[in-house]
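Below: one structure, written as structure tokens.
The values are calculated or read from the model by the stated rules, or taken from the named source; none is laboratory data. A quick note: this is a predicted structure, and the numbers were derived from the prediction, not measured. Counting neighbours? That spans all protein chains shown, and the Cβs are built from the backbone with ideal geometry, glycine included.
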Amino acid sequence: MSLIEILEGPLWKASATIFVVFAAFRLMMILFTGRRHARARPAGSPAAGALRAILGHFLPWRALLKNGKAWFVILAGYAFHVGLFVLLLFAAPHVEFIREKIVGLPWEPIPRWGFIVAAQFSFAGLIALWVRRFVDPVVRLISRPDDHIAAGLTFAVMLSGCMALGEQSTFLRGLHLGLVELWLVYFPFSSLMHTFTWPFSRGFTGAMAGRRGTRA
């Protein structure tokens, strides 16, 4: 069995299993870990507060738009996350891989120029946010090693994916797949889990505020 066959076979299955099992475990811990029931009579609706917090924070608050630094973070964040979402689900090699290895259902991929545009936006956003962790004194103080590892590993996965886009080099394809598998193994134990946990944290904060009759 060649190295690429190992990467596409046993190592892919092992990394995907670790990702699914431990990510699901962390989500179940969030959902089913008990907490003390609030005894005070609610002044508002926790459900409405949670929904308002989850949906309302997709757009920046007006107060933030008056701050130049906030504009920088907002634009960089949208560029990175939207660009990465497009690359993950609509890049032609990914569409083919998902069809063969995961769900078996094809959908229309984006053209090559769309891949390039999405990649440029995503790279620009990631680099801008990562550099900010070094140059902004407050963000540098609260950043943990995990934040830098997650950013660096994500950057390496994206870069290797762009290098392997032509699918003409077995080495580059294997490098990209190996980095993806390392990223999947690291994912459930890192800050990357915010991909799945943000609705819970934002909803919980909104529910508490809604219960008190305020807004999160």
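Quick notes on this structure:
- Leading residue by the ranking (farthest from PHE97 (Cα to Cα)) among those in the stretch 3-20 that are at pLDDT 90 or above and surrounded by 13 or more Cβ atoms within 10 Å (Cβ to Cβ): ILE18
- Selection of the stretch 149-175 for residues being among the small types (Gly, Ala, Ser), within 20 Å of ALA76 (Cα to Cα) and surrounded by 13 or more Cβ atoms within 10 Å (Cβ to Cβ) yields ALA150, ALA151, ALA156.
- Scanning the stretch 136-148 turns up one or more residues that are surrounded by 16 or more Cβ atoms within 10 Å (Cβ to Cβ) and in contact (Cβ under 8 Å) with a residue 12 or more places away in the chain.
- Of the residues TRP107, TRP130, TRP113, the single one that is in a loop (DSSP other than H, G, I, E, B) and of a type outside the set (S, T, N, Q) is TRP107.
- SER201 more than 28 Å from SER2 (Cβ to Cβ) and in contact with a helix residue (DSSP H, G or I) (Cβ under 6 Å, 6 or more places away or on another chain): no
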